[in-house]
Amino acid sequence: MKPEVTAFFDDATNTISYVVRDPAGSSCAIIDSVLDFDYSSGRTDTKSADAVIKFVLDNDLKVEWLLESHVHADHLSAAPYIQERVGGKIGIGDRIKIVQDTFGKVFNEGTEFQRDGSQFDKLFQEGDSFHIGQLRGDVLHTPGHTPACLTYVIGDAAFVGDTLFMPDFGTARCDFPGGSAETLYASIQKILSLPDETRIFVGHDYKAPGRDEYAWETTVAEQKAANIHVASDKDRDDFVRMRTERDASLDMPKLIIPSLQVNMRAGQMPEPDEKGDVFLKVPVNKL
C-alpha cells in the first residue's frame, strides 16, 4: 500500500516532519515533529507544530502515532504538545534507555530522572509492527548515528531519520556518544536491502553544493546508485575512514544541549522548581 505523505520543512533546523496518512481512511501518524526554540532567549514557540496540527484538523485526520526516529540533537520534539491537541501515542526505539542513561549522567540528572523509557507510550524493537488505519508499519533498528535510531517502513515508504540524507549529501554523523561508523554502515545496508522502488524520506536536508532547492524524497535505487558516501561502489572501510575523519571536523549542533534534555524526556521539559520555573543545564566540557 502507498501511504500519502505530506512534508513540513523547518527552516531554522533543516528538519522535515511528516504526516503519513492511510489512503483508505482518515488515520495518520506524525513523524519527527518540531518545537521551535530560540536559544538566545530560552523561549519556545509552537509555530511549526501548529502548522502540522492545522493540517490534521483541516483534513479531519485521526492521529494514531507520534513517532520519533531517535533522540534528536538538533531540534526539540513537539510530540507532547501535539498529543494534547490531537492525540496519538508517542513511540521511539527501546534503546532510548541507553541514551537516557548516557545523557542522564552528562546532565547530572540524579535518581529522579527515570532511565527506563517510561516517558514514552511505546518502545519499539527490531521487527515490531504497528498500524495506521489499514496501513502496516514495520520497525527496523538502524543504529550508528545514535544507539536508538529507527527506520519506520510504512507501506512503500521508509522514514530513515538522520541515518541517510539525500544522495548528493550522504549520511549522518556518528561521533555522538554511542555512535559508530561501522554500525551505521551496517544499518544503511539494511535500509538499502529494501526493494529498489521503496521511497526514502530523510529527516534533514541542507542543500548539497550545486543544488538550489531543498529535497527530502528519494528511493532505495537512487541511494544505491548515487549516494556520495554509500553508493554500491563504496566499501565499508572507505566509508568508516571517511566518516571518522569528517566527523572530527564538525561542530556540535547549535541546539544539542536543550534538545537532548527535552527529547530524552519524550519532548517534555525538566520538572519545574517550587516556583514553577523550568531550567535547562549547560554541562561544561562534557560534549
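The values are calculated or read from the model by the stated rules, or taken from the named source; none is laboratory data. Just so we're clear, the structure is a prediction, and the values are computed from it rather than from any experiment. Glycine gets a Cβ as well: all are built from the backbone with ideal geometry, and neighbour counts include every protein chain shown. Ligands, DNA and RNA are stripped out before the accessible areas are found, and what is left, the full protein with its side chains, is counted by its heavy atoms. Shrake-Rupley method; radii C 1.70, N 1.55, O 1.52, S 1.80 Å.
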Scanning the stretch 27-51 residue by residue, those open to solvent by less than 40 Å² (accessible area, probe 1.4 Å) and not β-branched (Val, Ile, Thr) turn out to be 27, 28, 29, 32, 33, 35, 36, 37, 48, 49
Checked the stretch 152-163 for anything of a type outside the set (A, V, I, L, M, F, W, C) and buried (at least 23 other Cβ atoms within 10 Å of the Cβ); matches are 152, 161, 162, 163
Checked against (1) of a type in the set (A, V, I, L, M, F, W, C); (2) modelled with pLDDT of 95 or more; (3) part of a loop (DSSP other than H, G, I, E, B), residue 158 satisfies every condition except (3)
Considering residues that are under 22 Å from residue 206 (Cα atoms), out of contact with any Gly (no Cβ under 7 Å at 6 or more places or on another chain) and of a type outside the set (Phe, Trp, Tyr), the number found within the stretch 1-16 is 8
Exercise for review: Considering every residue within the stretch 57-66, establish whether at least one is open to solvent by less than 50 Å² (accessible area, probe 1.4 Å) and in contact (Cβ under 8 Å) with a residue 60 or more places away in the chain.
Suggested key: yes
Scanning the stretch 270-279 for residues that are open to solvent by 60 Å² or more (accessible area, probe 1.4 Å) and either touching a residue at least 12 places away in the same chain (Cβ under 8 Å) or within 20 Å of residue 81 (Cα to Cα) (or both) gives 271, 272, 277, 278, 279
Residue 140: passes all of (1) more than 15 Å from the chain's Cα centre (by Cα); (2) within 29 Å of residue 25 (Cα to Cα); (3) buried (at least 19 other Cβ atoms within 10 Å of the Cβ) but (1)
When every residue in the stretch 55-83 that is assigned to a helix (DSSP H, G or I) and either closer than 19 Å to residue 23 by Cα or of a type in the set (Val, Ile, Thr) (or both) is compared, the one nearest to the chain's Cα centre (by Cα) is 82
Among 30, 90, the single one that is over 22 Å from residue 214 (Cα atoms) and touching a strand residue (DSSP E or B) at 6+ places or on another chain (Cβ under 7 Å) is 90
Restricting attention to the stretch 72-103, the residues that are open to solvent by 40 Å² or more (accessible area, probe 1.4 Å) and under 11 Å from residue 117 (Cβ atoms) number exactly 4
Counted residues in the stretch 3-16 being in a loop (DSSP other than H, G, I, E, B) and either modelled with pLDDT under 95 or among the aliphatic types (A, V, I, L, M) (or both) come to 1
Counting only residues in the stretch 17-35 that are part of a loop (DSSP other than H, G, I, E, B) and of a type in the set (Ser, Thr, Tyr), the one nearest to residue 200 (Cα to Cα) is identified as 33
